[in-house]
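The values are calculated or read from the model by the stated rules, or taken from the named source; none is laboratory data. Only a predicted model underlies this, so the values are computations on that prediction, with no experimental measurement involved. Neighbour counts run over all protein chains shown; Cβ positions are idealised from the backbone, glycine included. In case anyone asks, the SASA skips ligands and DNA or RNA and just uses the protein heavy atoms, side chains included. Shrake-Rupley method; radii C 1.70, N 1.55, O 1.52, S 1.80 Å.
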Amino acid sequence: QVQLVESGGGLVQAGGSLRLSCAASGRTFSRYAIGWFRQAPGKEREFVATISRSGDFTYYADSVKARFTISRDNAKYTMYLQMNSLKPEDTAVYYCAATASGWYVLRPDEYDYWGQGTQVTVSS
């Protein structure tokens, strides 16, 4: 079992940056691919980025490509989402999730474990 805890959210002006962290418990962290999702009020949870177990492969939603960077440090049981050039439409609760189904997993229902979420608010 893996427990995930996000941190690093907050309020930032458009054009600014934030780095989200996702700390995992359990020594099996490196067995899971990790994804970031977000959910804005009144909208469905949407895929943001994913990274393979080793960290060698990443994939991003078109809406965040070239602005966001996903990474992981398996030795520290932590995964990160660096968010640059933030826009008001990036405002959402951001969740990290872990899946044993492989690294190219874009659907929320294919993830096994979820964090509680962290709020990101981008003001215009």
Checked against (1) closer than 16 Å to N74 by Cα; (2) among the hydrophobic types (A, V, I, L, M, F, W, C); (3) open to solvent by less than 80 Å² (accessible area, probe 1.4 Å), V48 satisfies every condition except (1)
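For region 1-25, which positions are in a loop (DSSP other than H, G, I, E, B) and surrounded by 13 or more Cβ atoms within 10 Å (Cβ to Cβ)?
The first filter runs over region 1-25 and keeps only residues in a loop (DSSP other than H, G, I, E, B), leaving 1-2, 8-9, 14-17.
Result: V2, G8, G9, A14, G16.
Looking at region 20-36, which of its residues are in contact with a strand residue (DSSP E or B) (Cβ under 6 Å, 6 or more places away or on another chain) and over 12 Å from Q119 (Cα atoms)?
Going through region 20-36, the residues in contact with a strand residue (DSSP E or B) (Cβ under 6 Å, 6 or more places away or on another chain) turn out to be 20-25, 32-36.
If the condition is that a residue be in contact with a strand residue (DSSP E or B) (Cβ under 6 Å, 6 or more places away or on another chain) and over 12 Å from Q119 (Cα atoms), then S21, C22, A23, A24, S25, Y32, A33, I34, G35, W36 are the ones that fit.
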With S101, S54 as the choices, which residue is polar (S, T, N, Q), free of Cβ contacts under 8 Å to residues at least 40 places away in the same chain and over 16 Å from L18 (Cβ atoms)? S54
Return only the number of the condition from (1) modelled with pLDDT of 95 or more; (2) open to solvent by less than 20 Å² (accessible area, probe 1.4 Å) that R72 does not satisfy. (2)
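Could we say that D62 is open to solvent by less than 10 Å² (accessible area, probe 1.4 Å), at pLDDT 95 or above and among the acidic types (D, E) here?
No; evaluated as a whole, the condition is false for this residue.
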